[in-house]
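Working notes for the structure below.
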Amino acid sequence: MTTVTLMAKIRAKAGLEAEATAWLATLLPPTREEPGCLTYTLLAEAEDPAAMTFYEVWADKAALDVHLAGENFAAFIAGKEKYLEEAVTLTFYTMI
């Protein structure tokens, strides 16, 4: 079994940083309960709180695929246009 590690970089709309952070924080607990979710953390850049990154580790690609098809990810997509300024940038990593 190979874990899937990724970072999803996002940016809150100007003036909505606090609201975007609060909205994104509501997605953390239910996503962490999803089968195969090993790590799901939201980070804000120290010098630029509008710039945030989800750090995610999934048990395998199947677990990530279930997440992407689930209601927690659907909630993210539903709020994305309201709170986020840019498209999400995904970077996948391999553990060494």
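The values are calculated or read from the model by the stated rules, or taken from the named source; none is laboratory data. Please read all numbers here as calculations on a predicted model, not as lab measurements. Using ideal geometry, Cβ is built from the backbone for each residue, glycine included, and neighbour counts are taken over all protein chains shown. Each accessible area value is taken on the protein alone, full model and side chains, heavy atoms only, with ligands, DNA and RNA left out. Shrake-Rupley method; radii C 1.70, N 1.55, O 1.52, S 1.80 Å.
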J(HN,Hα) series, region 31-45, from Karplus relation 6.51 cos²θ - 1.76 cosθ + 1.60, nearest Hz, glycine and proline x: 5, 5, 8, 5, x, x, 7, 9, 8, 8, 10, 10, 10, 10, 5
Per-residue HN-Hα couplings for region 62-79 [Karplus 6.51, -1.76, 1.60; θ = phi - 60°; Hz; x = Gly/Pro]: 4, 5, 5, 4, 5, 4, 5, 9, x, 6, 5, 5, 4, 5, 4, 4, 5, x
Rounded percent of accessible protein surface that carbon and sulfur make up, the chain, 1.4 Å probe: 60 percent
Contour minus Cα-Cα distance for LEU90 and ALA75 (0.36 nm per residue): 3.6 nm
Full-stretch length increase - LYS82, ALA8 - with 0.36 nm per residue and alpha-carbon distance subtracted: 24.9 nm
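How large is the charge dipole for region 21-77, taken about the Cα centre, if only the Cβ atoms of Lys, Arg (+1) and Asp, Glu (-1) carry charge, to the nearest 20 debye?
Rounded to the nearest 20 debye, it is 120 debye.
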Top positive-direction residue, dipole computed over the chain with Cβ charges, set VAL66, ALA44, THR89: VAL66
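So for each of 46-57, 82-93 I average, over its residues, the number of other beta carbons within 10 Å; can you give me the resulting order with the highest mean first?
Top to bottom by mean Cβ count within 10 Å: 46-57, 82-93.
Per residue of the chain, what 222 nm ellipticity follows from adding -39500 (n - 2.57) for every DSSP H run with n ≥ 4, rounded to the nearest 500?
Numbers: 3 runs with 38 residues, N = 96.
Computed ellipticity for the chain at 222 nm equals -12500 deg cm²/dmol.
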Theoretical FRET efficiency, 1/(1+(r/R0)^6), r = Cβ-Cβ of LEU16 and ALA59, R0 35 Å, to 0.05: 0.60
Mean accessible surface per residue for region 1-49, computed with a 1.4 Å probe while every protein chain stays in place, in Å²: 59 Å²
